[in-house]
Amino acid sequence: MKQSLTEKIILGIVFVIFTAYAISLVFPFAWALINSFKTSVEFFNIDNVWKLPSKWMVSNYVNVLSEYEIGKMFLRSIYVTVAGTGLAVMMSATTAYVVSKYEFKLRNLIYITAVTVMVIPTVGSLSATFKLVNNLGLYNNLWLFPIIYAGGFGFGFLLLYAYFKGISWTYAEAAFVDGATDFDVFFKIMIPQAKPALVALGIIQGINVWNDFFAPFMFIPEKKTLAVGLQDLVNIMQYRAEWPKMFAAMIISALPIIIVFVIFQKTIMENTVAGGLKG
């Protein structure tokens, strides 16, 4: 189809706006990456702020990893992210499947409640959550901490609810005729068909858990993840004027998530949009 002059102008303006926005997001990361390889003296040299390092100081990354226990915090973050994401996705899948595919009393109320709870600010339930964590023995317990993310509702529930709604129930009926149980239908029929949405949700949830500062700060303060420990490092390095090392720590923290997003961005966009349309 031929585009009119007005449409071309509008598309051009939109392209320029989004290009400028993309540059505004990439530029700070690129600037921090370049300066993370400089010495402190070179960084504070006004004439060299925008220039490439005269000598690429990989030692900034080595020193950060060895001096500030970045490695330990990195491993904790990986464990919390993998375990927390797995539990969150599985709980969201089970609750969304049951509410979307089975007829029972209070079904609509559960759905309405799940949507309504998302509107309530986290701080509104903080005291009750903190008491529950203490009573369950989860406070400062790194190994059990991922249970915090296993709520079963929220964005994951809404995404998978819409996706399961779009899957025909005739597959389940045929399986029941062949003697399959409810668990067989869920794990062998529904889960494989919902795999694209589950993968997209897992990536989104993993990014959220990796970047989560509030929950680890509140419930495992003695077992710092990278998101929490980075704040302490920023305070220390600002005091010592070790800005290149601080940038190195930030790059180490952000790089895994950027790589994951770049690799799976198409999967995220296609399957989250598809899930929403099917509802």
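What follows draws every value from the coordinates through simple rules; no lab data is involved. From a predicted model like this one, the values you see are computed outputs, not experimental measurements. Cβ sites come from the backbone with ideal geometry, for glycine too, and all protein chains shown count toward neighbours.
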Estimated vicinal HN-Hα couplings, Hz - the range 145-158 in sequence order (Karplus 6.51, -1.76, 1.60; Gly, Pro = x): 4, x, 4, 3, 8, 8, x, x, 10, x, 4, x, 4, 5
From phi via Karplus (6.51, -1.76, 1.60), per-residue ³J(HN,Hα) for the range 232-245 in Hz, x at Gly/Pro: 5, 5, 4, 4, 5, 6, 5, 5, 8, 6, 9, 5, x, 5
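Beyond a 29 Å Cα-Cα separation, which of these cross-linked pairs lie in this structure: Lys223/Lys266; Lys188/Lys266; Lys195/Lys223? It would help to have the intermediate numbers written out before the result.
Values: Lys223/Lys266 34 Å; Lys188/Lys266 26 Å; Lys195/Lys223 33 Å.
Where the Cα-Cα span goes over 29 Å, the pairs concerned are Lys223/Lys266; Lys195/Lys223.
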Gaussian network model of the chain, springs between alpha carbon atoms under 10 Å - residue of Thr116, Thr267, Thr225 with greatest fluctuation: Thr116
Principal axes of the range 115-200: Cα extent on each, largest first, Å: 48, 28, 20
Selected from Ala249, Ala114, Ala150 as most flexible by GNM, with the chain as the system and alpha-carbon contacts under 10 Å: Ala114
Top of Val185, Val14, Val209 by mean-square fluctuation, Gaussian network on the chain, Cα under 10 Å: Val14
Dimensionless Rg over Rh [the range 125-279; C-alpha; Kirkwood]: 1.10
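Placing unit charges on C-beta atoms (Lys and Arg positive, Asp and Glu negative, everything else neutral), compute the dipole magnitude of the chain about its Cα centre in debye, rounded to 20.
Values: 20 positive and 15 negative charges, 51 e Å.
That gives the chain a dipole magnitude of about 240 debye.
Return an integer: the convex hull volume of the alpha-carbon atoms of the chain, in Å³ per residue. Don't skip to the end; give the middle numbers.
Numbers: hull volume 59.1 nm³, N = 279.
Per-residue hull volume (Cα only) is 212 Å³.
Of the GluC sites (Glu not before Pro) in the range 43-116, which ones lie in a loop per DSSP and count no more than 12 other C-beta atoms within 10 Å? It would help to have the intermediate numbers written out before the result.
Working: sites: Glu67, Glu69, Glu103; in loops: Glu69, Glu103.
Here the sparse-neighbourhood loop sites are Glu103.
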The range 83-123: chymotrypsin sites (Phe, Trp or Tyr not before Pro) in DSSP coil with no more than 11 other Cβ atoms inside 10 Å: Tyr102, Phe104
Residue among Asn134, Thr113, Pro196 farthest towards the positive dipole end of the range 58-278, charges placed on Cβ: Thr113
In nm, spacing of pseudo-spin labels at Tyr79 and Phe29 (7 Å Cα→C-beta vector): 2.8 nm
Computed over the range 58-278: relative contact order in percent, which uses C-alpha pairs under 8 Å that are six or more apart: 35 percent
Candidate lysines for bridging to Lys224, where Cα separation is under 16 Å - those fewer than 8 sequence places away on the same chain excluded: Lys72
Debye intensity ratio I(q)/I(0), log10, the range 59-132, q values 0.11, 0.25 Å⁻¹ (C-alpha model): -0.55, -1.11
Rule-of-thumb Rg ratio for the range 19-166 [Cα; 2.2 N^0.38 Å; N residues]: 1.57
Cα convex hull volume per residue for the range 161-227 (Å³): 114 Å³
Inter-label distance, nm, simple model (7 Å from Cα along the C-beta direction), Ile257/Leu132: 2.4 nm
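Using 0.36 nm per residue of separation minus the Cα-Cα distance, give me the extension gain between Ile110 and Thr122 in nm, one decimal.
On the way: separation 12, 0.36 × 12 = 4.32 nm, distance 1.93 nm.
Length gained, Ile110 through Thr122: 2.4 nm.
Could you pull out the trypsin sites (Lys or Arg not before Pro) across the range 85-193 that fall in loop regions by DSSP (anything but H, G, I, E, B) with no more than 14 other Cβ atoms inside 10 Å? It would help to have the intermediate numbers written out before the result.
On the way: sites: Lys101, Lys105, Arg107, Lys131, Lys165, Lys188; in loops: Lys105.
Sparse-neighbourhood loop trypsin sites (Lys or Arg not before Pro): Lys105.
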